[in-house]
1. How about the range 118-178: which strands (runs of 3 or more DSSP E) wholly inside it have at least 1 residues that are under 30 Å from residue 5 (Cβ atoms) and in contact (Cβ under 8 Å) with a residue 40 or more places away in the chain?
2. Answer with yes or no whether residue 305 is touching a residue at least 12 places away in the same chain (Cβ under 8 Å), of a type outside the set (Gly, Ala, Ser) and either over 20 Å from residue 156 (Cα atoms) or in a strand (DSSP E or B) (or both).
3. Mind checking which residues of the range 2-25 are surrounded by fewer than 24 Cβ atoms within 10 Å (Cβ to Cβ) and either of a type in the set (Val, Ile, Thr) or assigned to a loop (DSSP other than H, G, I, E, B) (or both)?
4. Here are the criteria: (1) closer than 30 Å to residue 315 by Cα; (2) free of Cβ contacts under 8 Å to residues at least 12 places away in the same chain; (3) in a helix (DSSP H, G or I); (4) not small (Gly, Ala, Ser). Tell me which single one residue 218 does not satisfy.
5. When residues of the range 66-87 are filtered for being assigned to a helix (DSSP H, G or I) and within 27 Å of the chain's Cα centre (by Cα), how many remain?
6. Considering only the range 331-350, how many residues are within 15 Å of residue 175 (Cβ to Cβ) and at pLDDT below 95?
7. Output the residue which, of all residues in the range 358-413 that are among the aliphatic types (A, V, I, L, M) and part of a loop (DSSP other than H, G, I, E, B), is nearest to residue 209 (Cα to Cα).
8. Residue check: is residue 348 more than 20 Å from the chain's Cα centre (by Cα), within 30 Å of residue 367 (Cβ to Cβ) and touching a residue at least 24 places away in the same chain (Cβ under 8 Å)?
Amino acid sequence: MANQYDYDVLYLGSGHGTFDGAIPLAQSGAKVGVVEADMIGGTCPNYGCNAKITLDAPVALSREVERLAGVVDGKLTINWAKNVAHKNDVIKGLPGMIGGLLDSVGIDVLHGKGSFQDAHTIVVDGQEKTADKIVVSTGLRPHRLDIPGTELAHDSREFMDLIELPKNIAIIGSGYISMEFATIANAAGANVTVLMHSDKALRSFYQPYVEQVIADLEDRGVKFIKNANVSAFVRNGDQFDVEYGDDDKLTVDWILDATGRIPNVENIGLEKVGVKYNAHGVIVNDHLQTSVENIYASGDVIDKTQPKLTPTAVFESTYLCKLFSGQTSNAIQYPVIPSVVFTSPRIAKAGVSVEDAEKQGLTVQTNHLPDDWYRQVDNETQGDDTLIFDKDHHLVGVTEVSEQADNVINTLLPAMEFKFGAAELGRLVYLFPSISSATWGQL
């Protein structure tokens, strides 16, 4: 690598699109720098995945107690303030831990706002730092509605930091964040109304399974307003009015704008150096290389068809490590990437979708999960999955709605990625009884 620069590789951003690959890259002998304007580790460890799943843990527990009512006596309630405090205890050490890992291999962490000066130079709070290669890994941020009163709404980070849970909450949008936080807030005792942009939630998931999730939330008191066409937020004393539809109004105590996330591509000098991007992110080729030869991108900031999730960012980051250290010159080859929404029940998927399977004439097998004896152990009364096989009976897709959908999808990933046939499946001896054994038994 070049030595006329301050760094061999300089990363803009410190999330999973950076540190999972930057650490082994530095261990290989490269001089590496990381620019970060906020918290080390980015969104996921600090105010994303880790925080969310911690807040959800009491929800999952309460659901299990609910299913075993009569076997287990008593009713659980969630103490919101203590749940948030527990979340803070769980995640507070993560930035220091990640920063420590970076420091342990000699990576320089440059705290401040970074922007391109030229193709090899990033200016960090007025100080120029040069690098042979630069990786844009600036991630996503919450989208905000462009309507009157938008400043009265809050984002997902603010929701997870609420010390006191508002009594009446409006959630705008019906994607991952909306559905997960509606689940958590409702379970903790809030009155929740979800105002949908269209007539479908979680549009990338199998809609019959999404409808099961919505029906369960409705049974628990969550209200859904389809095609809401939200037009304004207005302060109303100590409360707020959400104006929508044809002169309709909803009065609440707190508004969550969960209308999606957008790439952080502005105000970092991409235009100055000629890096092409669009509303979906930075445009890259099959080596994650941008329109400028020595500038790459990693993580959620990329415009891509793969899910913008932490595991995808980790895979991209480690790929760039191998590319920069000479371990490979091949194009990136993405594996099967799963997706999950942590509602209750969960909904998860991987591989070929049900809709595409039906178009392609693939074998589609559906299972009603409460019929399986193992699902009856904790009295699961709802849930289905759909398995998709090619002509040689290799598993190529799966989608599930159940309390254990995430674990089921993880269990089946090796079968899809490595195209297990009868011989490979016959070599698997798994723990019994377990969700894995029940899952493999479906094949």
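The values are calculated or read from the model by the stated rules, or taken from the named source; none is laboratory data. Remember, predicted model here, so these are calculated numbers, not experimental data. Cβ placement follows ideal geometry from the backbone for every residue including glycine, while neighbour counts extend to all protein chains displayed.
1. Working: elements: 121-124, 127-136, 140-142, 168-172.
It comes to 121-124, 127-136, 140-142.
2. On the way: touching a residue at least 12 places away in the same chain (Cβ under 8 Å): no; of a type outside the set (Gly, Ala, Ser): yes; either over 20 Å from residue 156 (Cα atoms) or in a strand (DSSP E or B) (or both): yes.
Considered against the rule, which asks whether it is touching a residue at least 12 places away in the same chain (Cβ under 8 Å), of a type outside the set (Gly, Ala, Ser) and either over 20 Å from residue 156 (Cα atoms) or in a strand (DSSP E or B) (or both), residue 305 comes out as no.
3. Result: 2, 3, 4, 5, 6, 23.
4. Result: residue 218 fails condition (1) only.
5. Taking the range 66-87 first, the residues assigned to a helix (DSSP H, G or I) are 66-67, 80-87.
Then keep just the ones that are within 27 Å of the chain's Cα centre (by Cα); that gives 80-87.
Within the range 66-87, residues that are assigned to a helix (DSSP H, G or I) and within 27 Å of the chain's Cα centre (by Cα) number 8.
6. Final tally of qualifying residues: 0.
7. First pass over the range 358-413, keeping only residues among the aliphatic types (A, V, I, L, M): 362, 364, 369, 377, 387-388, 395-396, 398, 401, 405, 408-409, 412-413.
Filter once more, so that each one left must be part of a loop (DSSP other than H, G, I, E, B): 362, 377.
Numbers: 362: 20, 377: 22 Å.
Among them, the one singled out is 362.
8. On the way: more than 20 Å from the chain's Cα centre (by Cα): no; within 30 Å of residue 367 (Cβ to Cβ): yes; touching a residue at least 24 places away in the same chain (Cβ under 8 Å): yes.
Judged against the criteria, residue 348 is not a match.
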